[in-house]
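First up is the structure itself, then whatever we jot down about it.
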Amino acid sequence: MLRRRFREETVTDILMGGLITAGGGRLVVEFPDEPITGADMEWNFVDRRTSTFFRLMLQAKQAYGDGSIWTRHCYRELLHTSGSGGKLQAEALCDAARLPRSSTYPLYIFYHAAGTCEMARRSGNTSIAGVNIADGFVIERLVKAATTRTLRTSNKSLRVIAPKLAPLSALFCPAMIAPVPPFAFAPGAVSSPMYLSVSAGRRVLGVAMPPTPAGVRARVLDLRAAALLESADLAEQPGDTLPDVPEVSDRIPDDVQDVLNRREEGAGPTPGLNRWRLTFVSASPTPSDGE
């Protein structure tokens with residue numbers, strides 16, 4: 001409504017503020033020491049009951065374009081290179097996820113102005129939202145394939161990227177609801193926002209819980225399957241298959257455990273961060289009778 005195009009870093013700040021509000025005591029947000037180009041984020045999902053862990057590495061990109069044809073709007077910095085060696089940013093992101101036993105997967109998070117979303121909806125495309133996510137390995141393939149001037153223009157356009165996009169809710173919704181305990185409405189008893197859900201045919205008032213590491217991995221599998229299904233240009237080619245989605249780790253990494261320990265001790269964020277780091281602390285669902 002402000003009719004103002006925010007900078008990519010500003011959109012990330014707003015997104016982080018919303019997550020802090022929604023997360024209550026189940027989300028630890030740590031800020032980088034210095035402003036960072038590209039708004040890189042690290043999202044860690046932890047289940048302390050089972051000591052399981054899964055990590056997402058995210059690269060943020062903003063769409064630009066003022067023309068009336070939304071498919072020509074594009075992510076100008078999608079083919080960005082970084083470092084003295086000129087390594088593609090997409091490749092650097094995915095290399096971090098390719099490390100063995102890292103239980104890490106790459107995603108892109110794309111920001112779109114209201115005008116772009118409105119034009120897409122008027123044309124019948126409902127997949128373009130203010131914030132979308134996409135499989136990092138799928139985007140890396142498009143970036144590395146842009147070897148000609150024509151492909152460099154085409155592969156960073158919404159026309160090509162749109163079929164690979166998914167809503168942010170694909171990772172977090174539907175939320176698992178932890179029922180509110182007795183006397184929860186006593187002053188200071190509940191600090192997280194309250195949600196109404198339905199369980200076993202009954203309405204339940206409770207606090208939204210982050211998805212478990214296993215749940216996030218399952219949703220990543222769904223994201224990639226949907227992207228491949230919608231994109232004929234991503235059909236598997238011999239010797240060019242996408243990496244597997246790694247298994248959930250049965251051990252919480254030391255650096256993530258340190259985040260949890262610092263939170264419990266009331267200490268500040270980890271010093272020396274070069275990207276946003278979010279740690280979502282879920283809990284294993286309590287088995288119902290008969291399960």
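Observations on the model:
- Comparing the range 104-162 with the 2.2 N^0.38 Å rule of thumb, its C-alpha radius of gyration ratio is 1.22 (two decimals).
- For residue 80, the residues 5 or more places off, or on other chains, whose built amide H falls under 5 Å of its own are 89.
- Prolate/oblate/rounded call for the range 40-127, Cα gyration tensor, a/c under 1.5 rounded: oblate
- Within the shell defined by Cβ-Cβ distances under 12 Å, the residues around residue 12 carry a net charge of -1, with Lys and Arg each +1 and Asp and Glu each -1.
- Amide H contacts of residue 133 (H built 1.01 Å from N, in plane; Pro and chain starts excluded): 110, 166, 168 sit under 5 Å, all sequence-distant by 5 or more or on other chains.
FYI, it's all coordinate maths here, none of it is from the lab. The structure presented is a predicted model; accordingly, all values stated were derived computationally and were not measured. Note that each Cβ is placed from the backbone with ideal geometry, even for glycine, and that neighbours are counted across all protein chains shown.
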